[in-house]
1. His111 versus (1) in contact (Cβ under 8 Å) with a residue 40 or more places away in the chain; (2) in contact with a helix residue (DSSP H, G or I) (Cβ under 7 Å, 6 or more places away or on another chain); (3) closer than 21 Å to Leu49 by Cα: which is the lone unmet condition?
2. Which residue is surrounded by the most Cβ atoms within 10 Å (Cβ to Cβ), if the candidates are limited to region 19-44 and must be hydroxyl-bearing (Ser, Thr, Tyr) and closer than 17 Å to Val104 by Cβ?
3. Can you name every residue in region 54-71 that is surrounded by 10 or more Cβ atoms within 10 Å (Cβ to Cβ) and either out of contact with any His (no Cβ under 7 Å at 6 or more places or on another chain) or not hydroxyl-bearing (Ser, Thr, Tyr) (or both)?
4. Consider Leu49 carefully, then state whether it is among the aliphatic types (A, V, I, L, M) and touching a Pro at 6+ places or on another chain (Cβ under 8 Å).
5. Suppose we filter Ile65, Ile41 for residues that are in contact with a helix residue (DSSP H, G or I) (Cβ under 8 Å, 6 or more places away or on another chain) and among the aliphatic types (A, V, I, L, M); which single one remains?
6. Can you tell me which residues in region 3-29 are farther than 18 Å from Gly77 by Cβ and small (Gly, Ala, Ser)?
Amino acid sequence: MAVTYQSEGIKMPDIKKRETTEWIKKVAASYEKRLGEIAYIFCSDEKILEVNRQYLQHDYFTDIITFDYCEGNRLSGDLFISLDTIRTNAEQFKTSYDDELHRVIIHGILHLCGINDKGPGEREIMEEAENKALAMR
């Protein structure tokens with residue numbers, strides 16, 4: 001089990017890695033999942049747009065792209081997070097940068113746990129799951 005944190009072309013966000021990993025582990029366990037190899041890659045809007053175009057054929061900015069490599073109950077994946085979009089969203093939603101960053105960090109884990117947010121009614125289920133997870137922090 002390993003959770004890694006790296007940045008590509010930008011300054012690493014100021015997060016407490018050990019505490020964040022323990023929190024992620026606790027949230028995963030609440031879904032009866034365990035952690036495999038999870039890689040967080042913090043990047044710019046330009047990089048996430050490049051990843052979105054190259055791998056998903058989507059031509060837009062987003063806060064997170066989750067590549068799911070899960071096997072059974074073991075969560076594994078690469079999670080690209082745009083810190084530019086995190087900053088923009090924090091301003092738009094009138095929340096702190098730190099709170100928005102942690103919401104997106106756990107959003108990717110919730111995707112790996114099988115929670116979606118694109119279909120009808122799914123966004124509300126995801127938001128509820130995010131809020132529950134944030135309360136565990």
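1. For His111, the failing item is (2).
2. This residue is Tyr40.
3. Taking region 54-71 as the starting set, the residues that turn out to be surrounded by 10 or more Cβ atoms within 10 Å (Cβ to Cβ) are 55-56, 58, 61-70.
Residues satisfying the conditions are Tyr55, Leu56, His58, Phe61, Thr62, Asp63, Ile64, Ile65, Phe67, Asp68, Tyr69, Cys70.
4. For Leu49, the condition - among the aliphatic types (A, V, I, L, M) and touching a Pro at 6+ places or on another chain (Cβ under 8 Å) - is not met.
5. Ile65
6. Selection gives Gly9 alone.
Values in this text are rule-based calculations from the coordinates and carry no lab data. These numbers were taken from a predicted model, which means no experiment stands behind them. Positions of Cβ are backbone-derived with ideal geometry, glycine not excepted, and every protein chain shown enters the neighbour counts.
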